[in-house]
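Okay, structure first, notes after.
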Amino acid sequence: MELIEKLKKRRSYREFETETFDIQLLIDAIGAAKYAPSGANKQPWTFCIVKNPEIKKEIRRQAEIAESAFYKKIPLHWQTDLDYLNLTIEKPFLEEAPYLIVVFKQVYQFDSEGNEGKVYYPEMSVGIATGMLITVLTDMGLDLLTYTPSSDGFLTEVLDRPENEKPFIILVVGKGSKNYTLPLVTRKSDEEVIKIY
Ligand SMILES: Cc1cc2nc3c(=O)[nH]c(=O)nc-3n(C[C@H](O)[C@H](O)[C@H](O)COP(=O)(O)O)c2cc1C
């Protein structure tokens, strides 16, 4: 299938088959995503591939604690905007899917002498690299969920990342469950999103 057609069919899955696949696919995909443009070429990203069931279990445990605290004080407009997804505080996909890719954003870096160095536009740079990664994974025929825990500080601790790295997003990667009913979503028209001058 052409890439454009595959991208038009991309959907977020929240239930996954447990069967695994060769991790090399993810290494190859990240190997392409790291060619993303970045502010002053600082490449301010780290992609942590998690396949260890114990670590996935701990990430799920901590994510559910964060979600349960968040859902107690979620603003009404936010709840309303999420209604179509039927989300709950339970996140079994964090354990079911064979891999999680936890993306970290470096907010500063160290030079070869260990001095702190600046990073420019890390949010945009990591967002672009993550978008490229999602594109390659989709092209490979993999399914995924972009998951943002309501509070994500625990990821730094669980994955033992250094202080200059902040959690950005979790990509839950695998084969979407055949039993998962995709929520109905619509797309804006070309006319709404494209303005030609
Ligand atoms: C930055 C970002 C954060 C998201 N966070 C979550 C999340 O925490 N939980 C979830 O179930 N879906 C999450 N999503 C997925 C969106 O709900 C989904 O992309 C949207 O409903 C459109 O559906 P589709 O991806 O199936 O086309 C997130 C998507 C993005 C881009």
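The values are calculated or read from the model by the stated rules, or taken from the named source; none is laboratory data. The structure displayed is predicted, hence computed values, not measured ones. Here the Cβ is made from the backbone with ideal geometry for all residues, glycine too, and neighbour counts use every protein chain on show.
A count restricted to the range 27-41 and to residues that are assigned to a loop (DSSP other than H, G, I, E, B) and surrounded by 13 or more Cβ atoms within 10 Å (Cβ to Cβ) stands at 3.
Across the range 5-26, the qualifying residues are those that are under 13 Å from residue 141 (Cα atoms) and of a type in the set (A, V, I, L, M), and the one among them that is surrounded by the most Cβ atoms within 10 Å (Cβ to Cβ) is 26. Which one is farthest from the chain's Cα centre (by Cα), of the residues in the range 85-116 that are among the aliphatic types (A, V, I, L, M) and in a helix (DSSP H, G or I)? Applying the filter and picking the extreme gives 85. Would you call residue 82 surrounded by 20 or more Cβ atoms within 10 Å (Cβ to Cβ) and either among the polar types (S, T, N, Q) or not in a loop (DSSP other than H, G, I, E, B) (or both)? No: the conditions fail for residue 82. Every condition in (1) more than 16 Å from the ligand (Cβ to nearest atom); (2) buried (at least 17 other Cβ atoms within 10 Å of the Cβ); (3) of a type in the set (Asp, Glu) is met by residue 54 except one, and the failing one is (2).
If you check 146, 130 for being in a helix (DSSP H, G or I) and within 15 Å of the ligand (Cβ to nearest atom), only one passes: 130. Just to be sure, is residue 173 touching a residue at least 60 places away in the same chain (Cβ under 8 Å) and under 18 Å from residue 7 (Cβ atoms)? Taking the combined requirement at face value, the residue satisfies it. So which residues in the range 1-35 are of a type outside the set (Asp, Glu) and touching a Phe, Trp or Tyr at 6+ places or on another chain (Cβ under 8 Å)? Passing the criteria: 13, 14, 16, 20, 23, 26, 30, 33, 34.
So for the range 3-26 (the condition being closer than 21 Å to residue 123 by Cβ, in a loop (DSSP other than H, G, I, E, B) and either at pLDDT below 95 or not aromatic (Phe, Trp, Tyr) (or both)), does at least one residue qualify? No: the range 3-26 contains no residue that is closer than 21 Å to residue 123 by Cβ, in a loop (DSSP other than H, G, I, E, B) and either at pLDDT below 95 or not aromatic (Phe, Trp, Tyr) (or both). Only one of the listed residues (177, 150) is of a type in the set (Ser, Thr, Tyr), surrounded by 14 or more Cβ atoms within 10 Å (Cβ to Cβ) and modelled with pLDDT under 95. That residue is 150. Quick one: would you say residue 136 is at pLDDT 95 or above, within 14 Å of the ligand (Cβ to nearest atom), out of contact with any Pro (no Cβ under 6 Å at 6 or more places or on another chain) and of a type outside the set (Phe, Trp, Tyr)? For residue 136, the condition - at pLDDT 95 or above, within 14 Å of the ligand (Cβ to nearest atom), out of contact with any Pro (no Cβ under 6 Å at 6 or more places or on another chain) and of a type outside the set (Phe, Trp, Tyr) - is not met.
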